[in-house]
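*Asks:* The structure under discussion is supplied below as structure tokens; questions concerning it will follow.
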Amino acid sequence: MGCGSSRLDRTSGRLNGLNNSENASAHDAKNLRVKLVLLGDSGVGKSCIVLRFVRGQFDPTSKVTVGASFLSQTIALQDSTTVKFEIWDTAGQERYAALAPLYYRGAGVAVIVYDITSPESFTKAQYWVKELQKHGSPDIVMALVGNKADLHEKREVPAQDGIDYAEKNGMFFIETSAKTADNINELFEEIAKRLPRPSQVQPSQPAS
Amino acid sequence: MLLSLLSRRSLEVDSRDSYGFALRPQHIQRYREYIPIYKEEEAERLEKWKIFLEQHQKPAQACFSKEEDETPEFKHKGSSEEEHKEILPVGATELKEETSSKEEDKASLPAVATVLKEEVSLEEECKETLQIEAIKSKKETASDEEIKETSRAGASELKEEFISETSEEGDASRGKSDFAGSTESETKREAQLSEERKTCKVQKRWAQTRPSLHFIEKMMGLRVKKGKNTKDEKVNGSGDRFVSIKEAEHLSGESEDVLEEVCVNEMSANNMNASKGESDLGDGTSQEPFFSWKQELENLVHGGLPKDLRGELWQAFVGVKARRVERYYQDLLAEETNDGENNYQNSSSSSASKWRRQIEKDIPRTFPAHPALNEDGRDSLRRLLIAYARHNPSVGYCQAMNFFAGLLLLLMPEENAFWTLVGFLDDYFDGYYTEEMIESQVDQLVFEELMHERFPKLVHHLDYLGVQVAWISGPWFLSIFINMLPWESVLRVWDVLLFEGSRVMLFRTALALMELYGPALVTSKDAGDAITLLQSLIGSTFDSSQLVLTACMGFLAVTETRLQELREKHRPSVLVVVEERSKTGQDWKDTKGVATKLYSFKHNPRSLVEEKSIAEGLEDAPDLRDHSSNLDELFSGLNSEIDSLPDLQEQVIWLKVELCRLLEEKRSAILRAEELETALMEMVKQDNRRLLTARIEQLEQEVAELRQALSDKKEQESAMLKVLMRVEQDQRITEDARRRSEQEAASRRHALTVLQEKYDEAMASLAQMENRVIMAESLLEATKQYESGQAKALSSPRSSRSQGSSQDSPRKRTGILSFGLGWRDRNRSKAIFDESVDNPCSPGRETSNQEKEQ
């Protein structure tokens, strides 16, 4: 019983997360808002992807992420809808996985990143996919991203492996390079297109 | 210490602050604004500290001199050169520069020793005997110590013994290495030596604090001993990891403990000496005098530490001197190199290699491009992190520690940095950075509760936006605000944190930040905006004094005991989740270290071990079946047992989890309901407000209209009044006119009546005249008749004469009469007045005429 209020706190977190995703789809059809979480092994370039996407910069000597960091960015799609991404960039070290649920709970989108030059990071990416399938929200949009595509001469994870794995798990796959900005915007645009639209969601929801 | 190597100019580039850290472009302007403030504060606190240190110099000096007397006493016997460094007269600051060259030489000596020891390690036999010897001797000393601990003099004697023993061993090993030293190892040694020398040139590996700070060091050292016991336990627990790394002095975990204990006792002995020197009382009194100025010191710490003293004061706060074990750091590093070469310690080396890889990844990502963290700086950083991982394998390496180590390296020599890191990570952040990060999760729940308590409105607003406090505060706590706040503020927070020796300051600072920026957050419209706003506000908290004072003064109720209570309350829930996770993630966490598993939860490792043995059993089973079918029965029974065993366990766990989940769902449902209700209420309120505002607007409009109408009416009235006035005036004029015309009319009437009267008069006189005329005519007739009668009588003479005279008079008379009649006919209508005027005289004339006639 002693832990009653603490449990309460955690559930409120989940609850809020859910609210958030509801907000993302149930707000208005033209201006979507979605919580996105980046997961993946340490040093695969999660922060670099976010920085490239949000600020258009690339810093080869970026800082270690402790805990998590937050940035947000809005993009406009061709059908004149805008999508505001609230991006949580998490720490990569394995032990920080203990804190990850705090951030992926209630997220509408999860971007799982691995480094194409590191098979280990690909294994880690699979761990994250399984973790999200178990504990993430059921309608989460997942993307598998092979980063550092510019280092193709050092490639150790064939693109086909990524494609196959993504297909098997109903994910969207893309190879990017934060360094050359390759496919970074495409990644987020594709995610935006795949978001559930309120017009599709509303019929299934009873009018409140 | 790295910082001191850099010239001020190279640090104060545009985009960097005075500590050499990169500034975010958006903050450069604000930082510039704060430079003079920081300088002023710095000057002020330098002055204060100077006074404070001078005041307490005397007693400190006394302690120090005693210490100095003593150190040579028991150290000169152990004549090994690195020990000699300790007795170096580490004097005042001015001396430092002089001594630094000497110290460099001395610092290079341990390196020689390490290399030698490596060589010795090749000769395992010798080493083993040495080990046994050493353990024996140490056990002896330890037991002796126990007995004699009460008598201080005895203890110090023992230490002398002990040190001489160890130095003998060192000598022995050196001799042996000389014996067996091959040319190959010789060259290798030289190479390593030169390498070591290079790094030593960059910085001293170890330095003592200046004597003026010793009294602070001593007081803080007392605190360390309390915590030391727990640390020893931990080292004991994981001691077997260190086992049998071939060194002359540290032969086993046990011996380490002994050494540490010895070191601590040494310290306490010194302290006792000091206090005894002053008053021949017991141990207890030694703490008394310290308290008298502790409050003063605390105030000074809240005001910030002077830049030049910061590194040393931090060490003093953490109790580096009391913690430091001679050569421990070097040995950890030596162990590391050995381990790399021949990894026959599988469990530790696999996790160690994992740490190593992570450390390698993170080193270039620690304060990237900081001018002080060049090649050598990064080497120090690497050594420091590896040494810590070895020292405390239950933590190993955790991201964030790289920043701590980097920061410490900027302020102090490498080994000092190591002990400082050990001090605050092992004691203040125990359980924080372990594999499961339990304490850090617990702290987040505690912080959330404190937030609910302190800022219910803000928390409610954040809840409404879908923001969880821990998302933001988690990184603050884990990084101890490094990279979150501006550096001046980070250092000020660290000052207090290290001084207090607990995580209270973390909470207070976080709460202070919420207090400072909460009001701004309430205006934010969605989760993204709120977090972005808070991040940018936090990042520009340049007013470090305000922050620290708000934290220290505003949240006095947040104390360590209160936090402990809350932690106890929240810990079980975290443990449940951790258990759940480790159960589901078992297949993924094979590589996890045993130590962390032990830490994670008490039930778990047992079940793990069981499962492993079961798996092994199952694998073996088919082979056994081949061997003897008789065993089939037994095995099937076993199998069923095996099946049922984990099943039950799993079921229990599953049910537990299910129960938790259901409870959580229920709670979340309740919460959701509550939230919906509040949302509804809010909407209703908002609706009301909208209606009311609409009504008000309407009413206002009406009022405005009415006012308009009123003013219109007034205008009309005034217009009417004007018209009325004019009309009145007109009326008056017409009245006047009427009166005048009436008057006129009256006068006319009057004139008319006068005229009428005159006319009547005239008529009357005319009638009179006519009467007279008639009378005259009749008279004339009568006369004519008389004349005719006379004429008949005139035929007689008498008649003739009379006739003649009578003939003349009638002629005259008719003349007058005819004239009169003609005049009357002509002027009958006009010339009344004339007539009336004429008339009176006419009769006179007539009469005169008549008289003439007569």
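*Asks:* Please go through the stretch B:353-369 and give me each residue that is more than 10 Å from chain A (Cβ to nearest Cβ) and not in a helix (DSSP H, G or I), ordered by number.
*Replies:* Of everything in the stretch B:353-369, nothing turns out to be more than 10 Å from chain A (Cβ to nearest Cβ) and not in a helix (DSSP H, G or I).
*Asks:* Any idea how many residues of the stretch A:53-96 are without any contact (Cβ under 8 Å) to a residue 12 or more places away in the chain and of a type in the set (A, V, I, L, M, F, W, C)?
*Replies:* Total meeting the criteria: 1.
*Asks:* When the residues of the stretch B:378-387 are filtered to those that are crowded, with 21+ Cβ neighbours inside 10 Å and within 14 Å of another protein chain (Cβ to nearest Cβ), which remaining residue is farthest from B:LEU407 (Cα to Cα)?
*Replies:* This residue is B:LEU385.
*Asks:* Return the residues of the stretch A:103-160 that are basic (Lys, Arg) and closer than 30 Å to B:ALA527 by Cβ; say none if nothing qualifies.
*Replies:* Scanning the stretch A:103-160 gives A:ARG105, A:LYS124, A:LYS130, A:LYS134.
*Asks:* Of all residues in the stretch A:65-98, which are of a type in the set (Ser, Thr, Tyr) and either modelled with pLDDT of 90 or more or assigned to a helix (DSSP H, G or I) (or both)?
*Replies:* Within the stretch A:65-98, A:THR65, A:SER69, A:SER72, A:THR74, A:THR82, A:THR90, A:TYR96 meet the criteria.
*Asks:* For residues that are among the acidic types (Asp, Glu) and within 16 Å of B:GLU375 (Cα to Cα), tally how many sit in the stretch B:400-424.
*Replies:* Residues that pass the stated criteria total 1.
*Asks:* In the stretch A:42-61, what residues are under 19 Å from B:ALA400 (Cβ atoms) and open to solvent by 20 Å² or more (accessible area, probe 1.4 Å)?
*Replies:* Result: A:GLY43, A:SER47, A:THR61.
*Asks:* Taking the criterion of being among the polar types (S, T, N, Q), under 21 Å from B:ARG357 (Cα atoms), out of contact with any strand residue (DSSP E or B) (no Cβ under 6 Å at 6 or more places or on another chain) and at pLDDT below 90, would at least one residue in the stretch B:393-412 satisfy it?
*Replies:* Within the stretch B:393-412, one or more residues are among the polar types (S, T, N, Q), under 21 Å from B:ARG357 (Cα atoms), out of contact with any strand residue (DSSP E or B) (no Cβ under 6 Å at 6 or more places or on another chain) and at pLDDT below 90.
*Asks:* A further question follows. Tell me whether the stretch B:722-729 contains one or more residues that are open to solvent by less than 80 Å² (accessible area, probe 1.4 Å) and polar (S, T, N, Q).
*Replies:* no
*Asks:* Residues that are within 11 Å of another protein chain (Cβ to nearest Cβ), of a type in the set (Gly, Ala, Ser) and either in a strand (DSSP E or B) or over 14 Å from B:ASP529 (Cα atoms) (or both): does the stretch A:51-64 have at least one?
*Replies:* yes
*Asks:* How many of the residues in the stretch A:65-87 are within 17 Å of the chain's Cα centre (by Cα), open to solvent by less than 40 Å² (accessible area, probe 1.4 Å) and more than 7 Å from chain B (Cβ to nearest Cβ)?
*Replies:* 6
*Asks:* For the stretch A:130-138, state whether one or more residues are of a type in the set (A, V, I, L, M, F, W, C), open to solvent by less than 20 Å² (accessible area, probe 1.4 Å) and within 11 Å of chain B (Cβ to nearest Cβ).
*Replies:* No, the conditions are met nowhere in the stretch A:130-138.
*Asks:* Please indicate, with yes or no, whether at least one residue in the stretch B:395-405 is in contact (Cβ under 8 Å) with a residue 12 or more places away in the chain, under 30 Å from B:ALA520 (Cα atoms), buried (at least 24 other Cβ atoms within 10 Å of the Cβ) and not assigned by TED's automatic domain parsing to the domain that holds B:LEU478.
*Replies:* Yes; the residues of the stretch B:395-405 include at least one that is in contact (Cβ under 8 Å) with a residue 12 or more places away in the chain, under 30 Å from B:ALA520 (Cα atoms), buried (at least 24 other Cβ atoms within 10 Å of the Cβ) and not assigned by TED's automatic domain parsing to the domain that holds B:LEU478.
*Asks:* Out of the stretch B:371-415, which residues are in contact with a Leu (Cβ under 7 Å, 6 or more places away or on another chain) and among the aromatic types (Phe, Trp, Tyr)?
*Replies:* Answer for the stretch B:371-415, where residues must be in contact with a Leu (Cβ under 7 Å, 6 or more places away or on another chain) and among the aromatic types (Phe, Trp, Tyr): B:TYR388, B:TYR397, B:PHE404.
*Asks:* Something else now. If you check B:LEU462 against the conditions, is it crowded, with 20+ Cβ neighbours inside 10 Å, more than 10 Å from chain A (Cβ to nearest Cβ) and within 18 Å of the chain's Cα centre (by Cα)?
*Replies:* Taking the combined requirement at face value, the residue does not satisfy it.
*Asks:* So, in the stretch B:500-532, of the ones that are buried (at least 20 other Cβ atoms within 10 Å of the Cβ) and over 13 Å from the mean Cα position of the chain (by Cα), which residue ends up nearest to the other protein chains (Cβ to nearest Cβ)?
*Replies:* B:GLY528
*Asks:* Among the residues of the stretch B:790-812, are any open to solvent by less than 100 Å² (accessible area, probe 1.4 Å) and at pLDDT 80 or above?
*Replies:* Yes, there is a match, as at least one residue in the stretch B:790-812 is open to solvent by less than 100 Å² (accessible area, probe 1.4 Å) and at pLDDT 80 or above.
Yes/no per residue for (1) crowded, with 23+ Cβ neighbours inside 10 Å; (2) within 14 Å of chain A (Cβ to nearest Cβ):
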| site | (1), (2) |
| --- | --- |
| B:PHE447 | yes, yes |
| B:GLY466 | yes, yes |
| B:PRO486 | yes, no |
| B:ARG492 | yes, no |
| B:LEU498 | yes, no |
| B:SER536 | no, yes |
| B:GLN546 | no, no |
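The values are calculated or read from the model by the stated rules, or taken from the named source; none is laboratory data. This is a predicted model, so every value here is computed, not measured. Neighbour counts run over all protein chains shown; Cβ positions are idealised from the backbone, glycine included. Just the protein is used for accessible areas: all its heavy atoms, side chains included, with ligands, DNA and RNA removed. Shrake-Rupley method; radii C 1.70, N 1.55, O 1.52, S 1.80 Å.
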